[in-house]
Amino acid sequence: MASGAVKLESRSEASVASLHGMGVACGLAAGVWLGAAEAPTKLVNAGFSPFAISLCMVAGVFTARWTFPTLLKGTTYVFADLLSRRHLVVWAILAGALWAVANTLTVFAIRDVGLSTAFPLWNTNSLIGLFWGRLLFRELEGAGTKNVFKVVLGALAIVAAAIMLGYSTIYGGGHAAPHAISGLVAAGGASLMWGTMYVPYRKAYLSGMNPLSFVTIFTVGELGTMLLLTWTLDGGRHSSAFQLAHNKQLLFWLFLGGFVWVIGDIFQQFATKYLGIGRGIPLSNTNQLWGLAWGALVFGELATADRAHLTLVLAGSILMIVGALSISTAVASSREHSSRNQALERECKRYGLDYREVLLAQSGDEFGSRDERKRWWDIAIVAIAICVFIWLGWNAVVPPLPLNLHWVAVLAALLLTSLLGGGWALWRQTRFS
């Protein structure tokens, strides 16, 4: 290995604590935003199919995934990054397709078992991600006994919490929910899809791609898959998605949900880059706490729950958070970083990448002199997105659901606080690299 690369590895080890802290901040911010993003899918109760809800939400995601990278880096930067890592375009589209399937399954789960219960169940995706991270990217290789214990204990806690929440869903209140089994299966399928989706994430960041570039092409897979699912499984031209597309009063909230999701996902992407799958994903899965907060406090999902049901839901939620935090606090050792660098070197040899540049990117240092100037079309993209939201918001009405506006205001303030905190941490240390 070249001496320059050795120096870069030493530099990376010296900044481990700082990068870990930033990754934790991104993971926590991701949890807050991803938790809030599912709230608009409660509109499924208004009579629209889960496919229609998911497709319109993905339309908002598509808008946001092009807007934020353009605003922060510019399209010239993004396309230069994509062209230098052409092999990752297919992986990004695949990840987007997996996301679209998973998101549709979550809408079914929310319809059948409720937001506050479905959220923790699909967050078992951290176990799937942990498995792939260890198998494919040598995560936890070289970890000390303490770190291994934290990860294993956290994984067991997550599984136990999922069992408790599933049990409470079927038997809470003394009777089975009408579609409880199908809701649990849908949440489990979402967990599998989202857990596998993190494989392309990790490949991208081991290759030095900027998360903002990755999410830009990611959205092509999302939108294409959702159009295909809606057309083939939801009645084609007779799908309720076409009715919903003309309902501007409700469409705004789904676009807003997609926009909120993208902010959370961008934070999650950075957490995955700097912490790895096994640590970053469990930390972002604190979104189940925020999903529970929106479901219980804003929509009153637990208002009529009996004591046994409520105890199981709360205990399962707390146990899942403890498990996720146990995994995320296992700070990577120098031996683990050495294993990661070996996986990185393998990716560089496979795709002909510059090891030194990619190693720099792992430490948040931008490589080269890539142009980040904003062009006229960058301004146009952002302006169009703003106009779309103004147009939809002008015609929006409060959804026909019982809402606690006091808690909406409190949770919205927490969203803004996490955005400013996580965004500042990223800008200060990496300039969003």
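The values are calculated or read from the model by the stated rules, or taken from the named source; none is laboratory data. Remember, predicted model here, so these are calculated numbers, not experimental data. Cβ: placed from backbone, ideal geometry, glycine included. Neighbour counts: every protein chain shown. Each accessible area value is taken on the protein alone, full model and side chains, heavy atoms only, with ligands, DNA and RNA left out. Shrake-Rupley method; radii C 1.70, N 1.55, O 1.52, S 1.80 Å.
Assorted remarks:
- Of 343, 409, 64, the residue with the greatest mean-square motion in the GNM of the chain, using alpha carbon springs below 10 Å, is 409.
- At a probe radius of 1.4 angstrom, the accessible area of the chain per residue rounds to 40 square angstrom.
- Screening the chain for DSSP H helices whose Cα atoms reach 20 Å or more along their own axis and whose mean Kyte hydropathy is at least 0.0 gives 16-37, 50-72, 87-113, 145-171, 180-206, 211-233, 248-275, 307-328, 376-394, 405-430.
- Dividing the mean sequence gap of close Cα pairs (under 8 Å, 6+ apart) by how many residues the chain holds gives a relative contact order of 35 percent.
- Anisotropy class of the chain from Cα gyration tensor, a/c 1.5 cut: oblate
- Extension gain, residue 228 to residue 145: 0.36 nm times the residue separation minus the Cα-Cα distance gives 25.2 nm.
- Sum of -39500 (n - 2.57) over DSSP H runs of 4+, divided by residues of the chain (222 nm, nearest 500): -26000 deg cm²/dmol
- Net charge over other residues, Cβ less than 13 angstrom from the Cβ of residue 122 (K, R count +1; D, E count -1): -2
- When Rg and Dmax are taken over the Cα atoms of the stretch 267-325, they come to 13.9, 42 Å.
- Using the Cβ-Cβ distance between residue 349 and residue 182 with R0 set to 51 Å, the FRET efficiency works out to roughly 0.65.
- Summed residue charge, Cβ within 13 Å of residue 32's Cβ, Lys/Arg positive, Asp/Glu negative: -2
- Given charges at beta-carbon only (K, R positive; D, E negative), |dipole| of the stretch 175-288 in Debye: 200
- Approximating the spin labels as points 7 Å out from Cα along Cα→Cβ, the residue 417-to-residue 334 distance works out to 3.8 nm.
- If R0 is taken as 30 Å, the Cβ-Cβ distance between residue 242 and residue 401 corresponds to a FRET efficiency of 0.85.
- Dipole magnitude (debye, nearest 20) for the chain, charges at Cβ of Lys, Arg, Asp, Glu: 640
- Local electrostatic count, residue 288, Cβ distance below 14 Å [Lys/Arg +1, Asp/Glu -1]: -2
- Cα-Cα over 26 Å, subset of 150/349; 349/374; 73/248; 73/273: 150/349; 349/374; 73/248
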